[in-house]
Every structure is written in structure tokens, then in C-alpha cells.
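This report refers to the structure that appears directly beneath it.
The values are calculated or read from the model by the stated rules, or taken from the named source; none is laboratory data. Since the model is a prediction, treat every value here as computed from it, not as a measurement. Positions of Cβ are generated from backbone atoms using ideal geometry, with glycine treated the same way; all protein chains shown enter the neighbour counts. With ligands, DNA and RNA removed, areas are computed over all heavy atoms of the protein, side chains included. Shrake-Rupley method; radii C 1.70, N 1.55, O 1.52, S 1.80 Å.
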Amino acid sequence: MSSDTRNHHRVHPVRATAAAIEAAAGHIRAGRLVAFPTETVYGLGADATNARAVAEIYAAKGRPSFNPLIVHVAGLAEAERLAEFPPLARKLAEAFWPGPLTLVLARRAECPIAELVTAGLDSVAVRVPDSAIAGALIAASGRPIAAPSANLSGRLSPTRAEDVACDLGDRVAMILDGGATRHGLESTVVAVAGGEATLLRPGAVTAEAIEAVTGARLRRSLEGGDKPSSPGQLESHYAPSARIRLGAGDAKAGEALLAFGRQVPETHGPVFNLSAGGDLVEAAANLFVGLRTLDATGAATIAVMAIPEHGLGEAINDRLRRAAAPRS
Ligand code: TXA
Ligand code: MG
């Protein structure tokens, strides 16, 4: 995050017209950073085969370099040039791509992806985003695009172009604006190895949906109490400035309230309801906007009502627990 990685000016989001996407593709080919919308959250993209460009991603985010990145490709055929696809991985790709499922697979020997993308691991994370803008950008650049979420390290993932501009406007060549993202929650990360699928990060595709396709229970990476194998599992992550109090039945004086459902306790403070109808899909899409909105009120603490633990609730609660973890 040294100041020499910054532009002299802040860029403003531009509407993702065909001409803008063409210009963005030129930036990618030239080794520069472009922020773009996917169906999950905005990504901070660079040419995944260009180590220097990838290094710029880490510099811009201020991210510890041991965090490997997801490579975004146009389709299964392109993904197969990068990674080994055992039958189980192919089955998952065919069921969920394009879409918010990231597969962590053994890297192929001839994989042209920069080592820095995979942080030295012999696996690579790939996904095919279900977003016309992302797809057009990948096609126009002709490169696989490495992209973490387009936020500063440890901050909330951006679901709107203006969130990106706020965090990274002085560190990217261009921000493509495609409006608010559909899911508002990152992709589900699943590792496939030895004929087994392991959930590394809950996300927009539910564990239940994956289990329905594989016909087997998903292993959970944290089972057995070993170290997190997906750095997205770092405890204090996705943190707003305010403290987070989970499972709140009320909002105390000075607290902001992140609500869920119809029965909202009375409060004089700011309230953001993730879903008045108690819909977990709507709640997921609103999660980061809600946290950002309440954080911006300056409240010292955000009290969060209980969210059910099924379906997308698992990923929502995972992000919230991370946001609530003690900061180091
Ligand atoms: O929805 C998303 O996934 C968004 C959009 C932009 O595609 N991207 C995103 O990237 O959330 P990021 O960098 O914030 O999170 C990537 C996750 C991390 O938890 C990382 O540890 C994991 O994927 N990951 C990437 N490569 C891996 C690998 N080889 N082995 C294990 N985990 C990996
Ligand atoms: Mg992220």
C-alpha cells in the first residue's frame, strides 16, 4: 500500500458500455488494474498471466501476499487449460457454471497462470462468472483474469461501483459500473481432490445445492480443528469500523441495528433491515451494503439480530462472525 502504487487522481466509475469494456480490456492487456462487476461482488482484475500486474493487485489492496486469488475464465474449456478436472469437478462445473461457485483444483503443469496468483500453492482457484460485463471483459482481453473482491484488505466486499471508488478509486485504471451486484455475497469456494469435495468458504451457492448435485455430504475445511486452508477464513475479516454484537434481541443506546425479518425491536438509533420478509437471498444481497450504511452512521456498535443458520444463512453468519471477531 505504498503511495507510489496510487494514481495522481481518483477515477470515477464509468457505465459498462461496449466501448468502455473495450478500453478496460486494453488496460488488462497492458498490465493495469480494472475493477468490474460480477454476479457476486465487484472484482479487482488483472491479467492472471502477468506476475507484475498481479503484484499490483496485492499492493492496491494492501493484502498479505499469501492469500491466493481466483482466476476468472470464459468457460469450462478455458478452465481445463489451467487445472485438472476430475469427474466430480466436471460435474460441479456443469451444474453451476456460469455462476458463483469457485473450484480449487490441481494446477496443470502447463498452466500459464503467474505463481503469485496461487501464492505458490500447487492448486488453482477458477470460476466462470455469470455476468455479461465480466464475460465480455474476459473475452475482449483474451486473458484469464485474476480478481479478488475490489476492497481494501480486511474491509467489506463491494457490491456497488461507488463502494469500489471509495476504497480503490486512486489505485485502478478504470472502474466499470454495472449497478448493484445480483448476489451481494462472494462465490462459494470448494476444493475437489481425491474424489471428495470440501467447502473452503461458504458463499452464494448453498452447501445444500452442492450436496444435491454430488449426492454426498460436503466436507467442511474447519472440521478437525486444523488451520484454515482458505485464507478467506482468516478470523477477523470483512470488518467494518464499528464493533459488531451478534444475536442481538434489542439495540442499546448508541447502537445501530442490523435487522432481519418482520419483528424489529424498537430503537431510536439507525436501522437497516436485511430483509423485512425474512428472505435469506435478499438478506445476502443486502449484507455488505447494510454493514457499510450502518458503519457510515458513526455508531460505535452495530447490533445484529439473529439470522437463521440454513441455506444462505450459513454464509451470512460466517461473514458476520468474521466481522465480529476481535481485531488484531
Ligand atoms: O465472488 C467472488 O469469489 C469474488 C469475485 C470477484 O469473483 N472474488 C473473491 O475473491 O471473493 P477473494 O480473493 O476475496 O477470495 C478468494 C477466496 C479466498 O478465500 C482464498 O483464500 C480462496 O478463494 N482461494 C483462492 N485460491 C485458493 C487456493 N489455491 N486454495 C485454497 N483457497 C483458495
Ligand atoms: Mg475478499
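Looking at the range 264-302, which of the residues that are outside any helix (DSSP H, G or I) and either in contact with a His (Cβ under 8 Å, 6 or more places away or on another chain) or of a type in the set (Asp, Glu) (or both) is most open to solvent (accessible area, probe 1.4 Å)? That would be Glu266.
So is Arg108 among the charged types (D, E, K, R) and in contact with a strand residue (DSSP E or B) (Cβ under 8 Å, 6 or more places away or on another chain) or not? Write out each step before concluding.
Values: among the charged types (D, E, K, R): yes; in contact with a strand residue (DSSP E or B) (Cβ under 8 Å, 6 or more places away or on another chain): yes.
So Arg108 fits the description; yes.
For Trp97, the conditions (1) touching a Gly at 6+ places or on another chain (Cβ under 9 Å); (2) more than 25 Å from His183 (Cβ to Cβ) are fulfilled apart from (2). Select, from Ala140, Ala173, Ala146, the only residue that is open to solvent by less than 40 Å² (accessible area, probe 1.4 Å), away from ligand 1 (no atom under 14 Å from the Cβ), in contact with a helix residue (DSSP H, G or I) (Cβ under 8 Å, 6 or more places away or on another chain) and within 16 Å of His72 (Cβ to Cβ). Going through Ala140, Ala173, Ala146 in turn, the sole match is Ala140. In the range 264-276, the residues that are over 14 Å from Asp250 (Cβ atoms) form Cβ pairs under 6 Å with partners that are buried (at least 16 other Cβ atoms within 10 Å of the Cβ) and of a type in the set (Gly, Ala, Ser), at six or more places apart or across chains, as follows: Pro270/Ala256; Phe272/Gly290; Asn273/Ala259; Leu274/Ala283; Leu274/Gly290; Ser275/Ala283. Those helices (runs of 4 or more DSSP H) of the range 16-83 in which at least 3 residues are more than 15 Å from Leu116 (Cα to Cα), considering only elements entirely within it, cover 18-29, 76-80.
Residue pairs whose Cβ atoms lie under 7 Å apart, separated by 6 or more positions or on different chains, with the first residue in the range 177-205 and open to solvent by less than 10 Å² (accessible area, probe 1.4 Å) and the second among the aromatic types (Phe, Trp, Tyr), are Gly184/Phe288.
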